[in-house]
Amino acid sequence: MNLESLRRRLSSDEINALPLCHYEGPIHLVRSLEDWEKALPDLQQEQVLGFDTETRPSFRKGRVNTPSLVQLATARAVYLVQLSWWPFGPELAGLLADPAVIKAGVAIGDDMRELARLYLFKPAGMVDLGMVARAHQLTTQGLRTLAANLFGQRISKGPQCSNWSVMELSKRQVIYAATDAWIGRAIYLRMRELGMTGEAA
């Protein structure tokens with residue numbers, strides 16, 4: 001695989017013809033400080049975390065909802081922090097503000113700004129995968145198109161616009177949310193292998 005081959009834009013039909021993939025490893029729901037303290041050792045020993053958020057869609061003009069879910073992927077598991085159970089605060093903000101831990105995702109700056117509306121903090125260690133792609137003239141810059149180009153696999157869009165603020169997430173929501181964080185981490189690591197992130201693999 002080389003950068004020149006990655007610069008070709010895949011059509012919607014080509015992407016839809018690719019095999020569907022999703023995260024198949026352990027998924028942990030974080031709903032309390034106790035859950036967070038159990039997750040923290042795994043999160044803290046990781047140098048690269050896949051990161052994403054999900055927000056309940058708003059169908060009223062001018063109304064924007066705040067994030068309902070924060071997803072963090074390590075090499076071993078994915079953690080889904082349900083903000084309807086455990087509000088965003090200093091514990092999670094501390095990890096997101098740690099410059100020693102890379103948080104990789106698409107449009108990650110927007111997600112961090114929305115979280116800072118819930119609890120003020122200064123994020124650090126962010127890598128926007130779309131910006132890395134743009135810097136190398138890749139035409140594909142979204143999570144799903146990058147997954148298709150880099151791995152030849154298709155990520156589901158199914159539950160994207162579902163209600164993420166519910167207390168009990170459906171199995172489809174859990175798998176979808178975990179997959180987004182997991183593939184974000186995988187994309188970052190592949191970009192690093194290809195010399196796109198400016199650091200050694």
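The values are calculated or read from the model by the stated rules, or taken from the named source; none is laboratory data. Not measured: the values here are computed from a predicted model. Heavy atoms of the whole protein, side chains included, go into the accessibility calculation; ligands, DNA and RNA do not. Shrake-Rupley method; radii C 1.70, N 1.55, O 1.52, S 1.80 Å.
Considering only region 131-154, state which residues are part of a helix (DSSP H, G or I) and within 12 Å of the chain's Cα centre (by Cα).
The initial filter retains those residues of region 131-154 that are part of a helix (DSSP H, G or I), namely 131-135, 143-151.
Passing the criteria: Leu143, Arg144.
Name the single residue, out of those in region 173-200 being assigned to a helix (DSSP H, G or I) and over 17 Å from Ala77 (Cα atoms), that is farthest from the chain's Cα centre (by Cα).
Here the answer is Glu193.
Among what's in region 83-115 and is of a type in the set (Val, Ile, Thr) and not in a loop (DSSP other than H, G, I, E, B), pick the residue that is nearest to Leu69 (Cα to Cα).
Only one residue fits best here, namely Ile108.
Residue-wise test of (1) open to solvent by less than 30 Å² (accessible area, probe 1.4 Å); (2) within 15 Å of Pro67 (Cα to Cα); (3) of a type outside the set (Gly, Ala, Ser).
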{"site": "Arg117", "(1), (2), (3)": "no, yes, yes"}
{"site": "Thr145", "(1), (2), (3)": "no, no, yes"}
{"site": "Ser156", "(1), (2), (3)": "no, no, no"}
{"site": "Leu169", "(1), (2), (3)": "yes, yes, yes"}
{"site": "Gln173", "(1), (2), (3)": "yes, yes, yes"}
